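The values are calculated or read from the model by the stated rules, or taken from the named source; none is laboratory data. All of these numbers come straight from a predicted model, not from anything done at the bench. Cβ atoms come from the backbone with ideal geometry, glycine included; neighbour counts cover every protein chain shown.
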Amino acid sequence: MANIKYTLKRFLSLTLLLGLAGCATNYTAYAARPDVQQFINQVSAKDQFSKTQLTELFSQIKPNQHIIKNMTTPHESMHWYAYRAIFMQAARAQEGADFWRKHAATLTYAQQRYGVPPEIIIAILGVETRYGQIQGNYSAFDAISTLAFNYPPRANYFKSELEQYLLLTREGSFDPLTLKGSYAGALGAAQFMPSSYRHYAVSYTGKKYSNLFNNADDAIVSIANYFHANGWQAGGAVAVKTRITGKRYLSMPKQSLKPHRSLAQFEHDGVYPAKPFPASEKATLISLAGKNGVEYWLGFHNFYVITRYNTSSLYAMAVYQLSDWIRSDYESESKMATKTS
């Protein structure tokens with residue numbers, strides 16, 4: 001891909017063709033704003049960027065109201081039964097099993113090195129981008145800039161991600177104006193935010209930079225590395241359906257995504273896992289709005305780790321349930337192939 005210097009040359013050529021006055025009129029949306037100039041000054045001093053180059057880059061983008069709209073109405077605000085229906089589809093599970101067969105060697109390597117099972121890695125890809133097929137059509141630079149300067153609730157976070165994005169594009173020789181991603185600026189098949197891309201993305205073949213956009217092997221090992229770094233426990237359970245008796249559970253402390261109560265404590269309050277686990281195992285109680293009433297689950301440490309990817313219990317549950325379906329399809333088809341061979 002083109003680097004920043006190429007981008008600036010292209011921009012300067014355009015200004016010569018159109019005339020400096022006309023270009024200034026068309027491209028002052030962000031570059032002329034005091035808060036953007038303050039950001040430019042800070043980043044140029046801290047990360048040795050050229051103020052002139054950054055100003056020219058910011059002169060080519062404007063706020064995108066569609067991004068703000070999407071940010072305020074995410075899928076994760078839906079009821080569980082509606083959210084689940086988006087991802088729990090036979091076709092998506094089948095594609096996941098097919099992906100497993102195609103990339104079996106890389107998935108085995110990832111599990112051996114990082115301890116993360118293939119079905120979890122594949123389910124992340126299945127939920128995020130349908131195995132790399134839908135990576136987002138928003139300009140990543142537009143998206144992150146819009147959220148950094150026009151979305152006050154998370155402005156500080158996205159300003160940090162914008163700095164990381166500029167560093168990423170410089171280090172990887174990406175053109176910052178042409179990379180595409182989600183409305184939140186997530187990138188590639190794994191949908192890593194720029195900071196995660198810089199810190200967790202790895203190359204399967206040992207190259208300097210990981211290609212999350214069109215290299216499935218890099219996406220696989222990068223997701224595994226991310227989960228490992230966030231404390232994935234190899235062989236650990238994720239979640240279990242739960243039966244509740246009585247009303248003692250109503251007086252339990254407010255639950256967080258991170259497990260903090262033992263199963264013995266939950267059972268004391270009438271919360272029983274559908275399968276046996278050690279009484280000392282820590283979990284958190286999850287309630288989901290099902291089509292026929294509330295569903296109760298106990299989420300273990302690995303469930304919490306999935307929420308480090310997306311801090312939503314709906315998201316983590318969709319990943320977990322899709323992973324189960326993918327493994328079931330993969331194992332069934334493998335057994336069938338063995339019988340017919």
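Of the residues in region 41-77, how many are surrounded by fewer than 16 Cβ atoms within 10 Å (Cβ to Cβ) and more than 19 Å from residue 182 (Cα to Cα)?
Number satisfying all stated conditions: 9.
Loosely packed, with under 11 Cβ neighbours inside 10 Å and over 26 Å from residue 115 (Cβ atoms): which single residue out of 291, 247 fits that description?
After ruling out the rest, the residue left standing is 247.
Mind listing whichever residues of region 253-265 are out of contact with any helix residue (DSSP H, G or I) (no Cβ under 8 Å at 6 or more places or on another chain) and closer than 14 Å to residue 282 by Cβ? Give the steps one after another, and end with the answer.
So in region 253-265, the residues out of contact with any helix residue (DSSP H, G or I) (no Cβ under 8 Å at 6 or more places or on another chain) come out as 253-256, 260-265.
If the condition is that a residue be out of contact with any helix residue (DSSP H, G or I) (no Cβ under 8 Å at 6 or more places or on another chain) and closer than 14 Å to residue 282 by Cβ, then 253, 255, 256, 260, 261, 262, 263, 264, 265 are the ones that fit.
For residues in region 109-147 being charged (D, E, K, R) and surrounded by 21 or more Cβ atoms within 10 Å (Cβ to Cβ), which is nearest to residue 85 (Cα to Cα)?
Taking region 109-147 and keeping what is charged (D, E, K, R), we get 113, 119, 128, 130, 142.
Then drop every residue that is not surrounded by 21 or more Cβ atoms within 10 Å (Cβ to Cβ), which leaves 119, 128, 142.
Details: 119: 19, 128: 15, 142: 30 Å.
Ranking the candidates gives 128 first.
Please tell me if residue 156 is within 30 Å of residue 282 (Cα to Cα) and at pLDDT 95 or above. Give the steps one after another, and end with the answer.
Details: within 30 Å of residue 282 (Cα to Cα): no; at pLDDT 95 or above: yes.
It is false that residue 156 is within 30 Å of residue 282 (Cα to Cα) and at pLDDT 95 or above.
For region 61-114, how many residues meet the condition of being in a helix (DSSP H, G or I) and more than 30 Å from residue 37 (Cα to Cα)?
First, pick out the residues of region 61-114 that are in a helix (DSSP H, G or I): 65-72, 75-77, 80-87, 90-102, 104-114.
From what's left, more than 30 Å from residue 37 (Cα to Cα): 75-77, 80-87, 90-102, 104-114.
So the answer is 35.
For region 89-103, give me each residue that is aliphatic (A, V, I, L, M) and surrounded by 15 or more Cβ atoms within 10 Å (Cβ to Cβ).
Just the residues of region 89-103 that are aliphatic (A, V, I, L, M), to begin with: 90-91, 93, 97.
Answer for region 89-103, where residues must be aliphatic (A, V, I, L, M) and surrounded by 15 or more Cβ atoms within 10 Å (Cβ to Cβ): 93, 97.
Which condition breaks for residue 106 when tested against (1) at pLDDT 95 or above; (2) surrounded by fewer than 16 Cβ atoms within 10 Å (Cβ to Cβ); (3) of a type in the set (Ser, Thr, Tyr)?
Going through the list (1) at pLDDT 95 or above; (2) surrounded by fewer than 16 Cβ atoms within 10 Å (Cβ to Cβ); (3) of a type in the set (Ser, Thr, Tyr), residue 106 breaks only (2).
Among the residues of region 87-118, which ones are of a type in the set (Val, Ile, Thr) and in contact (Cβ under 8 Å) with a residue 12 or more places away in the chain? Spell out the reasoning first.
Going residue by residue through region 87-118, those that are of a type in the set (Val, Ile, Thr) are 106, 108, 116.
Listed by number, the residues that qualify are 106, 116.
Take the residues in region 267-321 that are within 14 Å of residue 240 (Cα to Cα) and among the β-branched types (Val, Ile, Thr), then tell me which one is nearest to the chain's Cα centre (by Cα).
Among residues in region 267-321 that are within 14 Å of residue 240 (Cα to Cα) and among the β-branched types (Val, Ile, Thr), the one nearest to the chain's Cα centre (by Cα) is 319.
Anything in region 26-43 that is under 23 Å from residue 151 (Cβ atoms) and part of a helix (DSSP H, G or I)? List them, or say none. Spell out the reasoning first.
Step one: list which residues in region 26-43 are under 23 Å from residue 151 (Cβ atoms), which gives 27-43.
Result: 34, 35, 36, 37, 38, 39, 40, 41, 42, 43.
Could you name every one of the helices (runs of 4 or more DSSP H) located completely within region 231-341 that has at least 3 residues being within 28 Å of residue 103 (Cα to Cα) and in contact (Cβ under 8 Å) with a residue 24 or more places away in the chain? Spell out the reasoning first.
Details: elements: 263-268, 301-306, 313-340.
Filter on region 231-341 gives 301-306, 313-340.
Among 210, 182, which is the only one that is surrounded by fewer than 24 Cβ atoms within 10 Å (Cβ to Cβ), free of Cβ contacts under 8 Å to residues at least 60 places away in the same chain and either within 15 Å of residue 143 (Cα to Cα) or of a type outside the set (Phe, Trp, Tyr) (or both)? Before the answer, list the steps.
Working: 210 fails: surrounded by fewer than 24 Cβ atoms within 10 Å (Cβ to Cβ).
That would be 182, the only listed residue that is surrounded by fewer than 24 Cβ atoms within 10 Å (Cβ to Cβ), free of Cβ contacts under 8 Å to residues at least 60 places away in the same chain and either within 15 Å of residue 143 (Cα to Cα) or of a type outside the set (Phe, Trp, Tyr) (or both).
Looking at this structure, is residue 206 under 25 Å from residue 122 (Cβ atoms), among the small types (Gly, Ala, Ser) and under 17 Å from the mean Cα position of the chain (by Cα)? Show your work before the answer.
Details: under 25 Å from residue 122 (Cβ atoms): yes; among the small types (Gly, Ala, Ser): yes; under 17 Å from the mean Cα position of the chain (by Cα): no.
It is false that residue 206 is under 25 Å from residue 122 (Cβ atoms), among the small types (Gly, Ala, Ser) and under 17 Å from the mean Cα position of the chain (by Cα).
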